[in-house]
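First the structure, in the form of structure tokens, and then the observations on it.
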Amino acid sequence: MEEDGIEEASARLTRSESRWVDGSEVDSESPPLSLQEAWSTMHEGSPSGGSFRRRLSKKPRRVDSLDVEAMGIAAAHKHGPKDLPLWGVFAMAFQTLGVVYGDMGTSPLYVFSDVFAKVPIKSGDDVLGALSLVMYTIALIPFAKYVFIVLKANDNGEGGTFALYSLICRYAKVSLLPNQQQADEDISSFRLKIPTPELARALYIKDKLEKNSLWKTLLLLLVLTGTSMIIGDGILTPSMSVMSAVSGLQGAVPGFNTDAVVLVSIVILICLFSIQRFGTGKVGFLFAPALGLWFFSLGSIGIYNMLKYDLSVLRAFNPAYIFLFFKRNGVKAWSALGGVVLCITGAEAMFADLGHFSVISIQIAFTCIVFPCLLLAYMGQAAYLMKSPSSVERIFYDSVPDIFFWPVFVIATLAAMIASQAMISATFSCIKQSMALGCFPRLKIVHTSKRFMGQIYIPVVNWFLMIMCIAVVASFRSTTDIANAYGIAEVGVMLVSTTLVTVVMVLIWQTNLFLALCFPVIFGTIELIYLSAVLTKIMEGGWLPLAFASCFLCVMYTWNYGSVLKYKSEMREKISMDFILELGSSLGTVRVPGIGLVYNELVQGIPSLFGQFLINLPAIHSTIVFVCIKYVPVPKVPQEERFLFRRVCQKDFHMFRCIARYGYKDVRKEDPHIFEQRLVDSLEKYLRREAQELALEVSSVELSLDNMSASSSDRIVQHGISELQVPLLSDQRSEVASSSISGPDCHLSTLPSSAVPSDEDPSLEYELSALREAMESGFTYLLAHADVRARKESVFLKKLVINYFYAFLRRNCRASFSVPHMNIIEVGMTYMV
């Protein structure tokens, strides 16, 4: 099966288009060749792999068979959501209930109890005013903003703050890490269709973003802040949801006090985080049915309460009750907004979890199930409060008919765990995206499913979240204080999304300026009002998400800052090509059989690491491959477009560069032995393709020269030019060759059979046999044991951040690749930044 998979992958890769082989990117690593040198080497059949551009009538396909994606799901994403039939869309919409809407679905457990903890119920108008606030908040933020606008700002089907950031990075060079390449834009998922209106304004904004480093830094800080808030949600959501569900036992079980609620909540949290290592695919197969039953219960109980207690709550559709609510309660009503905002907790999950589903499935689920069931649930609770305002502390469970209390309690507890599971999984995915884009230290990632590439488990983060959740529950001991913290995190993420979507509207969608400004004015104003309300509760628990966000923001920005400085230091210290050429093909040492894989982060140039190996090792391998693992701002890079090869120096140096490109949602599960075998297979295909290209090139030049010779002979006869002038045609031949090599593509209807290289090509066969001999001698991984230090003249703060904080993170993070320890040679490197 493995061999069949490799052959199939190789067949697919052979059909992919050429990029570096055909010279679509200038090869600055190879020394320039004169036309005479190029002409002589072509006739000798020993191409040097120089930097002259190859212009062919039919470009060969690129060879990208270096496939380290050890996943058994090659066709997992071959059929996207758009290919699903109608019943498949509805089935996917049902599945979203268990992943996307768990958090928002459990909000009726605690919204009204938190609202009326700040505003006492004096009359029925207070209940109607609070209900109207909740209804219009759900209608404006999740329904109008996310369902109809934000979901459309996806990055090839991926959502979240980092997806928006990568989308912006593709249209404007705002990334602080200078490893962008022109070849990245050839990835099929890189470019999107850009509409033409408002193009001048979009280009102006793009130019300002690219030239101003301050705006780049502010944009990155905004994204990191939103991400930090999401990680904070991963701590607060399990604490809030589980504790709210368990608190229902206080009135139903005699003697079940606050201590018991805290203890049971902690036990459930420990169980919840302990089973994460099995993966959501194994522990969450009942998620969608359970949440479907939960939403059915919410709607049914809501209808029952309205019919039994008070149908007049339908008057809350009149927004005038919101005005009356504020008029009657003043500052207390404004403070109560901190409880109202809890009704939309989890709205960001609609966008963040978009990669698992389609836009239409999320829209259908919210419009047809979630929205109406939530409205019915809140209206039912309001109807119960109209008759029993003293039941506000346990409004959800008190409004449940006695006969259904225990079934609803079990479903509520299960729903709370599912809501927590969804937020934990979102935290894992968010951190993985941060690592891929160079904004978080590398951690161990466990892939828990062979079928679904998005299901991951990060042990360190999992146990950290568990400890923090236990600490929050044990210290706060009340859902009211946790709610104060919860609201700040939710509103903070929404404000970040509003800002980034506005940038997408102006820069990428090129929306009319008035319409683009309406989005932040309307929704940003609403969110700022809510933020102002929840910020007043900083001393009552609201400090917690700010503390979490500040800690994670410092970690992520420090890692990104140090990584950018290290990369720039490597760029400054890279070895010049002139020095390598002066050493000759022996590199100033002995070349012994074997393949040396030099891992580095440079996408161009020879790293200074290689110079240290030349100095310290008595010999160097006969074949050298500079391997760079690079993440590009796209969700996924197709397998056939992932790997790029190019030759470094002339042919007799046997040095190559391989760049492996990954998207921030790609999964990398590497087996070193498979890596090595596929690297060699890919390199062989690259060499054969290079030889084929050169043969096509030679044939193209020869045909052009033959035509030119014939036409020139006619002119010589016509004009009576003497035979002494014929040798001057050699100059003209050179000019023709030059134009043929560097000019635009030309179309040749026929090519001679000699254009296709055969296995008897002595130059190609020699290089292939040398490669096989090197492979038989084994692979060696040449790595750097790097130490990054701030320069002596740096300011104190920079020394503190780089020499201590960043150094600590580097010492405790994992490598970005897995290699066999027996085949490693490391050399110490100090980078002064």
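Packing-wise, with mean Cβ within 10 Å as the measure, how do 458-464, 292-298 rank, highest first?
Highest-to-lowest ranking by the protection proxy: 292-298, 458-464.
Count the net charge of all other residues whose Cβ sits under 9 Å from the Cβ of residue 484, scoring Lys and Arg as +1 and Asp and Glu as -1.
Surrounding charge for residue 484 is -2.
Among the listed pairs 173/566; 216/568; 216/798; 432/685; 211/568, give every one whose C-alpha distance is greater than 22 Å.
Among 173/566; 216/568; 216/798; 432/685; 211/568, the Cα-Cα distance tops 22 Å for 432/685.
Take the alpha-carbon centre of segment 367-398, take the same for segment 758-813, and report the distance between them in whole Å.
If you average the Cα positions of each part, the centres end up 61 Å apart.
Within the accessible area of segment 514-560, what % is carbon and sulfur when the probe is 1.4 Å and the other protein chains stay in place?
Heavy-atom surface of segment 514-560 belonging to carbon and sulfur, 1.4 Å probe: 84 percent.
Would you mind working out the accessible area per residue for segment 540-612, using a 1.4 Å probe, and quoting it in Å²?
38 Å²
Counting only other residues whose beta carbon sits under 14 Å from that of residue 494, what net charge do I get with K and R as +1, D and E as -1?
-4
Quick one: accessible area per residue over segment 637-679, 1.4 Å probe, rounded to a whole number of Å²?
24 Å²
What do you reckon, how do 821, 356, 447 stack up by accessible area (1.4 Å probe), largest on top?
Largest to smallest exposure gives the sequence 821, 356, 447.
Which net charge results for the neighbourhood of residue 136, defined as the other residues with beta-carbon distances under 15 angstrom from its beta-carbon, given Lys and Arg at +1 and Asp and Glu at -1?
Here the count lands on +1.
By its C-alpha gyration tensor, with a ≥ b ≥ c as the square roots of the eigenvalues, how is segment 243-397 shaped: rounded for a/c under 1.5, else prolate for a/b larger than b/c, else oblate?
Note, shape of segment 243-397 comes out oblate.
Largest first, how would 499, 448 line up by accessible area (1.4 Å probe)?
Listed by decreasing accessible area, they come as 499, 448.
Accessible area of segment 287-372 with a 1.4 Å probe: how many percent of it is carbon plus sulfur?
Answer for segment 287-372: carbon and sulfur cover 74 percent of the accessible area.
Rounded to the nearest Å, what's the spacing between the alpha carbon centres of segment 582-612 and segment 467-517? Just the number, please.
Using only Cα atoms to place each centre, the spacing works out to 48 Å.
The values are calculated or read from the model by the stated rules, or taken from the named source; none is laboratory data. Note that the coordinates shown come from a computational prediction; the quantities given were computed from them, not determined experimentally. So basically every Cβ, Gly included, is an ideal-geometry build from the backbone, and we count neighbours across all protein chains shown. Just so you know, the surface numbers come from the protein's heavy atoms only, side chains and all, with ligands and any DNA or RNA stripped out. Shrake-Rupley method; radii C 1.70, N 1.55, O 1.52, S 1.80 Å.
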